[in-house]
Every structure is written in structure tokens, then in C-alpha cells.
Amino acid sequence: MPKNTFYITTPIYYPSDKLHIGHSYTTVAADTVARYKRLRGYDVMFLTGTDEHGQKIQRIAEAKGITPQQYVDNIVEGIQELWKLMKITNDRFIRTTDSQHVETVQKMFKKLYDQGDIYKSQYEGWYCTPCESFWTKTQLVDGKCPDCGREVELTKEESYFFRLSKYQDRLIKHIEDNPDFIQPASRQNEMLNNFLRPGLEDLCVSRTTFNWGIPVTFDEGHVVYVWVDALSNYISALGYMSSDDSAYRKYWPADVHLMAKEIVRFHSIIWPALLMALGEPLPKQIFGHGWLLLEGGKMSKSKGNVVDPAVLVRKYGLDAVRYFLMREVPFGSDGIFSNEAMINRINSDLANDLGNLVSRTVAMIEKYFNGSVPGKGEPGSFDNDLKSVVAATPAKVEELLDRLQFSSALAEIWKTISRINKYIDETMPWVLAKEEENNRRLQAVMYNLAESIRIVSVLIQPFMPETPEKIWHQLGIEDLSLVSWDSAKNWGVYPIGLRVNRGEAIFPRIDLKKELEELSKLTGGMQPSANSSHVPETQAAEKQQEKPQGEEDLISIEDFAKVDLRVAKVLEAEKVEGADKLLKLKLEVGAEVRQVVSGIAKHYAPQDLIGKHVILVANLKPVKLKGIESQGMILAASADRDLALATIDKNMDSGSKIR
Ligand code: MSP
């Protein structure tokens, strides 16, 4: 009989050399589901990849003086390495620069044009480049992008439009008729009330002001809007509209598109409308989980915690990192990530609860029975309760994993682990071992422990790629049929007479204090600075002079290290209307572009600044100057009425740290 299929996707990520633990969150969650479904016998297709077109990428590449293709090739390799390191079992990795994807998008676009779902008109509106989103004037909040709060640009161009409005009623009906379509339910209400019911406008689906995109085949100069390009990856990866569309016919519609909440809008409105227009079935579910944040705010912005997944995996081991991601925050809600919380969880749940249970059990089997349990022994008190708790766990875990409730599923497994640990305290094997007449009872206790651990080791497989095998080795299990998923539903599978192998602790304890000190060295001694405030230079200088410069006014090296100084390259500079001292600058800081307003207009002409490498205080709280957001401050020397920008002595990559 052919297996049931299961198709799961992550968003395709923008190429960035700074993928942080937040990005890994979705990928680890999707991998957990993929592993779980495979264990349950499904034929799984798990897709991830990269979203490589768009104005944002073109600008970054231009600023670096390389082609967009060179830029993305370089970065995508690093992303693929990261997924290998994290043992992500994606079946396909799609790049939107793949020729098959490009051809599919071109064919889709042409089909929609030929059937009248795409038409040509004039676009006039607002565009947020960082989000690659179009907005109408009324959607802007204080004139800024309603999603990210950054500047938008007025765009006027001849464009193609997709008749999104035509699909509004069908979309509303589909969402109302299929309560599982958008999950969690709160996001469904948000889509209906904030976007669909107020009314959809047709969507601008081509651009002419830049060329890093998929060319529209029938109109030179137009490239396909990056979100239409990106969303199509979910079917182009399966060969949709290609000469071999067997994978498409096998796996589509997707069982679940997984992502964080900020892009649910694109997936639950634009994507289904495109599919309706193409006459294709809709995905079964769009699941928008919450954000992983740092204490001080967004992960990409904050300092003071190590958020590089590769560093964390190398330090603490893959399974510890993956466990923490899936355990700490209920899937769907926002949560705070911190190194301290992670180390605490590793110590309590992994080293203490699970790790100790395995080591103690194996050590006792060695000590009392020379390394193998000789029989199932004599039943006694506590056995039935232990067995009923352990036996009830697989069904609970399945029910929770089917609903993507990773944290609750792990909580169930760990409740069972606590029950098993309690069984040791209740039965007191060390007391039983004193009397020869208790030997058969001691056998039963050891058997029940080994069997309970075997069942736990099966259930943690979707979450942990490495630990189950380590446990099997310690329990002496080589025959993998003893640890198939369904074997967890049967009590008594652990064979009599297997020789256990005492090994190293599967999760060594971490010294929290020492480790936090080490991590702090890695982040340059930074702590998240929630209260940093932006004081204009002159005021700051005045404040300084208010106090005599006594010993108490000296700062320590740690104080200095709180200031995040970075090399920044000036990309654009312009005068600020109505403020003769201010210039608005666009700065390249590594892969990021920052906007800074600086009081240097009397000393520098905008065109003279382009290309200069300046010094940016990168962790200042943003402020508004003349209504324009300034995301940091550049340094300058000033005396009397003169002012000189601080620059660096030779060319260094923007984003380099200054200490
Ligand atoms: N390229 C688009 C997606 C196109 S899908 C057709 C995009 N890319 S992205 O690189 O910005 O990645 C967005 C996704 O990364 C989020 O939806 C989420 O899945 C994941 N996350 C990035 N930062 C995250 C957190 N801090 N917390 C949780 N998820 C995070 O948008």
C-alpha cells in the first residue's frame, strides 16, 4: 500500500549571513514535524530554501560592489551548512534563482495574464523596501510602514496588477468554512478583521525600477514582485508546470506552511488567491508561530546574548539547543530567548532529569546484575502506576504533535521522566540490594526502569537527532525494531539479558556562572541595554562638564564595552527639509542598512559623504529628529565652530566592530 504523504514547508529565508536562533526556530519546528511524520510511516516532503530576489538584495550587493548573484551564492552556502550542522532533514532546498523556479514563475505569470487575472496599469503608492511590501496611504502608520515602522518610499511606475479583489469573497468563505486553515485561531481573526473584511485592493505584481528579479517574459523591463516569486516556491519546488510534475501531483496541497506571524498575511491572502486563480487546491494549513525575542527587543538588534545557532550548537550540543527551542515557549506565542534560560533548562531537564536517570539506571544494572537484567522479576508496589503513566504517554504526545504543540508534548514526556525518577525513590533499589531475598524484586525494578527509558527514548526522537542513539547504546539496544515509533505503545519490549554499556553523561552539567562569563566575552561584554537614550552631541558634552572629573567619574572597560561602535559606509545623504543643520544618511552596516539623522549639514555637502567610512554608535535607542527616525549616531570631533567626522584609517568592511 502506498504511504500517506505529508508536505511541510518553512518560509524561504532572505539570504543573510546573520541567521540567528529565531530563524532556526521555524526550521527546527518543521524538522521536528518531518521526523515525527516519518516515524509514523508517512512519505514526507520537507521543503526549505532561500528567497533571493528583490530590491533589498540588489541594494546590499551594489553597496558591496558585487553582483546580486555573487552576494547570494556566497551566503546561501553558509545557510545550507547551518542546516547540516543542525541536522535538518529537508528533502529539498529551493533557491528562487534556480532555473526551474524561474521558469515556473514565468509560466504562472503568463497564464494569469492570458486569462485576464493580471492586467497592466499605473502604480502609485508606498513601498517598504526592508519588508518588500506595498502600502496604500491610509495603511501607513504615522507615514511609516505599519509592519516594521521604517520609512516607506513613494513609488510611481507602470506595473502589472493581480486581481486580488476578485478573490476576496471566496477567500473569506474558505477561511470561515475551514477553521484549521489559519492557525492559531487568533491569527485567523486578525486576517479576517484587519485585511479581508475591510476589502482587498488589486495587488501590484511587477516592478520596473530595479532588475534583480524574475523577468516578465512578455514585457521587457518588468520583474515579478518578490512575494509572488517567493510564494510560488512551494509549488515550483515540486515541478509545477514543468515537464516532470510528478512530485507536485504526489504532494500538493501542502499539509502545513509553517512561519512566524509577520508573514501570515502574505500566505493566507495573496497565496491562496493566486492558487485560486491558477485553479489549484489550497494548502491545508498556514501556521503562524510567535517570535523569539530578546529581553531588550528584536533578535537582530540586541546585543548581550549569543544568538548565533552555530556557536550555541558547538557549545552545548545540538540536542540541547533543539530541545530548548521546542520546550521553552508554547508554539504560537511570543517568547524570550536568553542564554541563561537555556543553560538553566539544560541543567534541570536534560542533565538532571533525563541524563541522571539514564546514568543511574545503567550504573545500578551494572552494579547489582553485572551489566544485564536477568529477568522481569517480581511485581510490586508502584509498578502499576509507573506502567500506566508511561503507557499513556505515546498517545498524548501524538495528539499534541499532530497539533504542533511541541512544548506541551515535551512537557508530557518530562512529566513521565519525573514519574520514572520518582519510582527509583519509591522502590529504593539500594535497600533491596542488601537482602538476597529481594533479588527478584530488584530485577523487576531494574527491568521497569530500562523499559521506561526505552519508551522515552523513542518518544524524544522527533526532537533530538542524537540523544536516542546514545541512550540505546547505553541500554545495549542494537536492534532498531525495538525502538520503532509503535514499539513505544507496547510495554515489555526491552529484551532480557541485553548488556548495558556505561558511558559518559549524555548531558553534562554546565556551570552557569562560568558559562555566562564566557558568553559575555564572546559578545564583547555587552548586556542588553534597555535604557540607553539618545542625547544629541552638544547636550552630551554639556552634561559631561557639569561634574568635576574625579575618580568616581572614570568608567570601567565594561562600561565602555556597552557602546556598540561599528564601521558604517555612507550609501546616501540628503538634506532634511526645514532643518538646516540636519542630514539624513543611509548607512550600510554589514548586511543591514540604517537610517541616521546627523547634525553635520553645515560642515558637509551630502554628495561628499557618499562612500565615506564613518563610525556609528549602533546600539542607541532610535529617536525622531524633525519627525525622521534616527537609528544610531555617527561620531564627529567638534571645537569652536568647526566639526570633523571621525572616520577610519584604512578601508574596513562595514559592520566591523570598533573597540
Ligand atoms: N523571504 C521571506 C519569506 C518568504 S516565504 C514565501 C521572509 N524571510 S525572512 O528571512 O525574513 O524570514 C522570515 C521567517 O524567519 C519568519 O517568518 C520566521 O519563520 C523566521 N524568524 C525570523 N526571526 C524570527 C524570530 N526572532 N522568532 C521567530 N521566528 C523568526 O520573510
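Identify all residues within segment 612-651 that are assigned to a loop (DSSP other than H, G, I, E, B) and under 30 Å from the mean Cα position of the chain (by Cα); write none if there are none.
Listed by number, the residues that qualify are A618, N619, L620, K621, P622, Q631, G632.
When the residues of segment 1-22 are filtered to those that are outside any strand (DSSP E or B) and touching a strand residue (DSSP E or B) at 6+ places or on another chain (Cβ under 6 Å), which remaining residue is nearest to the ligand (Cβ to nearest atom)?
G22
When the residues of segment 342-369 are filtered to those that are in contact with a Phe, Trp or Tyr (Cβ under 8 Å, 6 or more places away or on another chain) and free of Cβ contacts under 8 Å to residues at least 60 places away in the same chain, which remaining residue is surrounded by the fewest Cβ atoms within 10 Å (Cβ to Cβ)?
This residue is R345.
Restrict the check to segment 253-261 and report whether at least one residue is away from the ligand (no atom under 16 Å from the Cβ), touching a residue at least 40 places away in the same chain (Cβ under 8 Å) and either part of a loop (DSSP other than H, G, I, E, B) or within 16 Å of L47 (Cβ to Cβ) (or both). I'd like the intermediate steps shown before the answer.
Step one: list which residues in segment 253-261 are away from the ligand (no atom under 16 Å from the Cβ), which gives 255.
In the following step, the residues that additionally are touching a residue at least 40 places away in the same chain (Cβ under 8 Å) were identified as 255.
Next, from what is left, pick out any that are either part of a loop (DSSP other than H, G, I, E, B) or within 16 Å of L47 (Cβ to Cβ) (or both): 255.
Yes.
Which residue pairs have Cβ atoms closer than 9 Å, lie 6 or more positions apart in sequence or on different chains, and pair a first residue in segment 176-187 that is under 14 Å from L404 (Cα atoms) with a second residue that is open to solvent by 40 Å² or more (accessible area, probe 1.4 Å) and acidic (D, E)?
Short answer, once both residue conditions are applied: I182/E190.
Which one of these does R38 not meet: (1) within 11 Å of the ligand (Cβ to nearest atom); (2) modelled with pLDDT of 95 or more?
(1)
Per-residue answers, yes or no, for (1) at positive phi; (2) touching a strand residue (DSSP E or B) at 6+ places or on another chain (Cβ under 6 Å); (3) away from the ligand (no atom under 15 Å from the Cβ); (4) without any contact (Cβ under 8 Å) to a residue 24 or more places away in the chain:
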residue: D91; (1), (2), (3), (4): no, yes, yes, no
residue: T96; (1), (2), (3), (4): no, no, no, no
residue: D114; (1), (2), (3), (4): no, no, yes, yes
residue: S121; (1), (2), (3), (4): no, yes, yes, no
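Looking for whichever is without any contact (Cβ under 8 Å) to a residue 40 or more places away in the chain, farther than 13 Å from V456 by Cα and β-branched (V, I, T) here; the options are V373, V431. Which one fits?
Answer to the check: V431.
Out of the residues in segment 289-327 that are of a type in the set (D, E) and surrounded by fewer than 20 Cβ atoms within 10 Å (Cβ to Cβ), which is nearest to the chain's Cα centre (by Cα)? Even if it seems obvious, please write down each step before you answer.
Here is the first cut: in segment 289-327, the residues of a type in the set (D, E) are 295, 308, 319.
From the residues that got through so far, the ones that are surrounded by fewer than 20 Cβ atoms within 10 Å (Cβ to Cβ) too are 295, 308.
Details: E295: 17, D308: 11 Å.
This residue is D308.
Can you say whether K602 is in a loop (DSSP other than H, G, I, E, B), in contact (Cβ under 8 Å) with a residue 40 or more places away in the chain and either out of contact with any Leu (no Cβ under 7 Å at 6 or more places or on another chain) or surrounded by fewer than 16 Cβ atoms within 10 Å (Cβ to Cβ) (or both), as far as the supplied structure shows? Break it down into steps so the answer makes sense when it comes.
Values: in a loop (DSSP other than H, G, I, E, B): yes; in contact (Cβ under 8 Å) with a residue 40 or more places away in the chain: yes; either out of contact with any Leu (no Cβ under 7 Å at 6 or more places or on another chain) or surrounded by fewer than 16 Cβ atoms within 10 Å (Cβ to Cβ) (or both): yes.
In short, yes.
Of everything in segment 188-237, what is modelled with pLDDT under 95, touching a Gly at 6+ places or on another chain (Cβ under 7 Å) and open to solvent by 30 Å² or more (accessible area, probe 1.4 Å)? Give them in sequence order.
Scanning segment 188-237 gives a single hit, T208.
Residues being within 30 Å of T208 (Cβ to Cβ) and open to solvent by 10 Å² or more (accessible area, probe 1.4 Å): count how many of those fall in segment 16-52.
The number of residues fulfilling the criteria is 2.
Kindly indicate whether H101 is of a type outside the set (A, V, I, L, M), closer than 30 Å to R163 by Cβ, within 14 Å of the ligand (Cβ to nearest atom) and crowded, with 17+ Cβ neighbours inside 10 Å.
Values: of a type outside the set (A, V, I, L, M): yes; closer than 30 Å to R163 by Cβ: yes; within 14 Å of the ligand (Cβ to nearest atom): yes; crowded, with 17+ Cβ neighbours inside 10 Å: yes.
Considered against the rule, which asks whether it is of a type outside the set (A, V, I, L, M), closer than 30 Å to R163 by Cβ, within 14 Å of the ligand (Cβ to nearest atom) and crowded, with 17+ Cβ neighbours inside 10 Å, H101 comes out as yes.
Considering only segment 292-331, state which residues are of a type in the set (K, R) and away from the ligand (no atom under 12 Å from the Cβ).
K303, R314, K315, R322, R327, listed by residue number.
Without any contact (Cβ under 8 Å) to a residue 24 or more places away in the chain, open to solvent by 10 Å² or more (accessible area, probe 1.4 Å) and touching a helix residue (DSSP H, G or I) at 6+ places or on another chain (Cβ under 9 Å): is that true of I66 in this structure?
yes
Find the helices (runs of 4 or more DSSP H) located wholly in segment 373-450 whose residues include 3 or more that are under 41 Å from the mean Cα position of the chain (by Cα), and list them.
383-402, 406-427
Taking the residues in segment 492-544 that are in a loop (DSSP other than H, G, I, E, B) and open to solvent by 80 Å² or more (accessible area, probe 1.4 Å) as candidates, determine which candidate is modelled with the lowest pLDDT. Working first, answer last.
First, pick out the residues of segment 492-544 that are in a loop (DSSP other than H, G, I, E, B): 492-498, 500-511, 523-536.
Filter again for open to solvent by 80 Å² or more (accessible area, probe 1.4 Å), leaving 502, 504, 508-509, 511, 527, 531.
Details: R502: 95, E504: 93, P508: 95, R509: 96, D511: 96, Q527: 38, N531: 27.
Only one residue tops the list, namely N531.
What pairs come out if I take residues in segment 264-282 that are free of Cβ contacts under 8 Å to residues at least 60 places away in the same chain and pair them with residues that are open to solvent by less than 10 Å² (accessible area, probe 1.4 Å) and within 12 Å of the ligand (Cβ to nearest atom) whose C-beta lies under 6 Å away, six or more apart or interchain?
H267/H257; H267/I286; W271/L231
Checking A277 against (1) within 20 Å of G199 (Cα to Cα); (2) of a type in the set (G, A, S); (3) within 12 Å of the ligand (Cβ to nearest atom), only one condition comes out false. Which one?
(3)
The values are calculated or read from the model by the stated rules, or taken from the named source; none is laboratory data. Predicted, not measured: the structure shown is a model, and the values here were computed from it. No Cβ is skipped: glycine too gets one built from the backbone with ideal geometry, and neighbour counts run over all protein chains shown. Ligands, DNA and RNA are excluded from the accessible area calculation, which covers all protein heavy atoms including side chains. Shrake-Rupley method; radii C 1.70, N 1.55, O 1.52, S 1.80 Å.
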